[in-house]
1. Which is modelled with pLDDT under 90, surrounded by fewer than 24 Cβ atoms within 10 Å (Cβ to Cβ) and at negative phi, of Gln8, Gln44, Gln91, Gln87?
2. Kindly provide the set of residues from segment 94-114 that are open to solvent by 50 Å² or more (accessible area, probe 1.4 Å), of a type outside the set (Asp, Glu) and over 21 Å from Leu10 (Cα atoms), ordered by number.
3. Among residues belonging to segment 151-162 that are in a helix (DSSP H, G or I) and open to solvent by 20 Å² or more (accessible area, probe 1.4 Å), point out the one that is farthest from Asp118 (Cα to Cα).
4. Looking at (1) polar (S, T, N, Q); (2) at pLDDT 95 or above; (3) over 16 Å from the mean Cα position of the chain (by Cα), which is the only condition Ser175 fails?
5. Scan segment 51-96 for residues that are more than 15 Å from Cys211 (Cα to Cα) and among the hydroxyl-bearing types (Ser, Thr, Tyr) and jot them down.
6. Just the residues that are part of a loop (DSSP other than H, G, I, E, B) and over 16 Å from Pro213 (Cβ atoms), please, taken from segment 25-42.
7. Do we have any residue at all in segment 59-79 that's crowded, with 17+ Cβ neighbours inside 10 Å, β-branched (Val, Ile, Thr) and outside any helix (DSSP H, G or I)?
8. Is one or more of the residues making up segment 115-138 part of a helix (DSSP H, G or I), surrounded by 21 or more Cβ atoms within 10 Å (Cβ to Cβ) and not aliphatic (A, V, I, L, M)?
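The values are calculated or read from the model by the stated rules, or taken from the named source; none is laboratory data. If you're wondering where the values come from, they're calculated on a predicted model, not measured in any experiment. Here the Cβ is made from the backbone with ideal geometry for all residues, glycine too, and neighbour counts use every protein chain on show. Only protein heavy atoms, including side chains, enter the accessible area calculation; ligands, DNA and RNA are left aside. Shrake-Rupley method; radii C 1.70, N 1.55, O 1.52, S 1.80 Å.
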Amino acid sequence: MSEFTVAQQLALMQLSDSFFPSGSFTLSHGLEALVQEGQLCSAQDLQTFLRLLLRNQIGPTDIVALIHAYRGSAIADLAAVRQADAQLFAQTLIEKTRETARKSGRALLMVASATWQDSQLTTLSLDAAKGEIHCLHPVIFAVVGRVALLSEQNTVLAFLHSLITGLLGAAIRLSILGHLQAQQVLLQLAPDIEATHQIAASLTLDQMWSCTPAIDIAQMRHQKLAHRLFAS
């Protein structure tokens with residue numbers, strides 16, 4: 001096994017680990033509202049929620065933007081990265097979701113800029129300061145994945161693994177399931193994660209779509225909850 005391959009594997013683990021301080025662990029994507037309102041009560045309910053989120057929202061929006069941003073970054077085309085960012089911003093209809101994606105993206109960009117030396121990260125930081133890019137989390141994650149020498153596929157998998165483990169952690173804190181059940185759910189979702197990547201890779205930016213009305217409404221209601229553990 002070459003040193004380059006080892007570096008890639010370590011970068012994959014670093015980016016997909018909840019220890020990486022991007023702020024995404026503070027998000028529940030509407031899960032907290034559904035739990036408080038009694039609409040999500042079991043591990044089976046959670047698995048259904050995660051499948052819907054992956055296949056009908058995150059996959060055809062966030063991952064499509066991530067893939068196109070990665071491809072733009074790979075050929076040093078930052079205009080393509082900005083286009084993916086703008087398209088995802090326009091596609092994300094819920095204001096709070098846009099806000100949290102921008103905050104976590106800027107946090108990720110700050111951490112990555114302090115961790116890796118790369119001209120694209122420097123340029124994007126300047127763009128963000130001038131208001132020329134929203135810095136949505138999936139788009140910045142794509143560039144960071146390329147900077148860390150990950151392949152397109154591994155960047156997508158790192159993003160999805162981080163997303164799912166973050167939500168499983170949120171579910172544990174909300175007392176929906178225990179640690180052992182969380183591991184079982186994570187394993188059962190592996191085919192869905194793979195399918196999410198494959199489908200998203202076939203879509204153009206103009207083909208982005210989402211259809212998760214119950215989750216969307218829960219995300220909008222979250223900010224009106226009397227007590228909140230999460231930012232979304």
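1. Gln8
2. We begin by selecting, within segment 94-114, every residue open to solvent by 50 Å² or more (accessible area, probe 1.4 Å); these are 95-96, 98-99, 102-103, 106, 110, 114.
Filter once more, so that each one left must be of a type outside the set (Asp, Glu): 96, 98, 102-103, 106, 110, 114.
Passing the criteria: Lys96, Arg98, Arg102, Lys103, Arg106.
3. So the first thing to find is which residues in segment 151-162 are in a helix (DSSP H, G or I), and the list is 152-162.
Next cut, open to solvent by 20 Å² or more (accessible area, probe 1.4 Å) only: 152-154, 157, 161-162.
Values: Glu152: 18, Gln153: 21, Asn154: 19, Leu157: 22, His161: 25, Ser162: 23 Å.
By that ranking, first place goes to His161.
4. Only one criterion in (1) polar (S, T, N, Q); (2) at pLDDT 95 or above; (3) over 16 Å from the mean Cα position of the chain (by Cα) is unmet by Ser175, namely (2).
5. Selection gives Tyr70, Ser73.
6. To start, the set of residues in segment 25-42 that are part of a loop (DSSP other than H, G, I, E, B) comprises 27-30, 37-42.
Of everything in segment 25-42, those that are part of a loop (DSSP other than H, G, I, E, B) and over 16 Å from Pro213 (Cβ atoms) turn out to be Leu27, Ser28, Gly38, Cys41, Ser42.
7. no
8. Looking through segment 115-138, at least one residue is part of a helix (DSSP H, G or I), surrounded by 21 or more Cβ atoms within 10 Å (Cβ to Cβ) and not aliphatic (A, V, I, L, M).
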